[in-house]
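These notes concern the structure reproduced below.
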Amino acid sequence: MLMLLLGVCVTTATCSSGGGITIDGACPADPAGVKCCTKASCSNGSSGNCRWQSDCGGTSVSNQCPGPAQMKCCSSTATGFGGYSAPAIPAVGACKSVAVSGAQKVVAAWPGRVRQIYCTRDCACPGTSDHCCGKAIDFMCSDGGGVPTMSGRQIAEWAMNNRATLNLKYVIWGQRIWAPSDGVKAWTSWRTMEDRGDITQNHWDHVHVSFN
């Protein structure tokens, strides 16, 4: 399921019943009957808008917006991105120096926006993931694992724009992937990835950065 800013990809029937408006072509990885659904105002008539609960800087109210339970009416127009304490950054060892250095640079560039950092994974190197070799970082940027956010887009595009400094191999966020050979472009134009089945595996709660 592919989700965009202030919108969620749901069936057209779900969007209509929830008072939303559909946008064509914004959910390319989903079936024809699934479209991006947006709703500029909440069902309760308040001045709030529909967004992921993790991105709300005010009070969230349930049952006001189309889509999953975590899409709620937010009382504040300000983004609620981040506000986290500085995450622990792994020492150089199993997590290679290029990854540790990259983690330090991202956290410094986005203070308060990264809640937790993961580097290594218990798997053979080389393997199916750069985590196996300690050359990848997952930057958790929502209020919890499995909690969707739009906060990652800015971090992911920053990583793209600072690819040389980071020695970046590729970056993933929001079910899209970018590598230096793709050329600089907005996240919405990155290559779409397959649906892996949940928020975390589709990278809606964290930015994945792999390093050379």
With the requirement that a residue be more than 21 Å from the chain's Cα centre (by Cα), among the β-branched types (Val, Ile, Thr) and surrounded by fewer than 15 Cβ atoms within 10 Å (Cβ to Cβ), what does the stretch 69-108 give you?
92
Cross-chain or 6+ apart pairs with Cβ under 7 Å, the stretch 54-79 first and outside the structural domain of residue 148 (by TED's automatic domain parsing) and assigned to a loop (DSSP other than H, G, I, E, B), then aromatic (Phe, Trp, Tyr) and surrounded by 13 or more Cβ atoms within 10 Å (Cβ to Cβ):
70/52
Can you tell me which residue is nearest to residue 84 (Cα to Cα) among those in the stretch 24-60 that are of a type in the set (A, V, I, L, M) and at pLDDT below 80?
40
Which numbered condition in (1) closer than 24 Å to residue 158 by Cβ; (2) among the polar types (S, T, N, Q); (3) not assigned by TED's automatic domain parsing to the domain that holds residue 129 is the only one that residue 16 fails?
(1)
Out of the stretch 119-173, which residues are among the charged types (D, E, K, R) and in a strand (DSSP E or B)?
138, 169
Hey, does the stretch 140-151 have a residue that's more than 13 Å from the chain's Cα centre (by Cα) and surrounded by fewer than 23 Cβ atoms within 10 Å (Cβ to Cβ)?
no
Counting only residues that are over 14 Å from residue 171 (Cβ atoms) and either in contact with a His (Cβ under 6 Å, 6 or more places away or on another chain) or assigned to a loop (DSSP other than H, G, I, E, B) (or both), how many does the stretch 184-203 have?
9
Would you call residue 85 outside the structural domain of residue 50 (by TED's automatic domain parsing), part of a helix (DSSP H, G or I) and not aromatic (Phe, Trp, Tyr)?
no
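The values are calculated or read from the model by the stated rules, or taken from the named source; none is laboratory data. Since the model is a prediction, treat every value here as computed from it, not as a measurement. Note: ideal-geometry Cβ built from the backbone for every residue, glycine included; neighbour counts use all protein chains shown.
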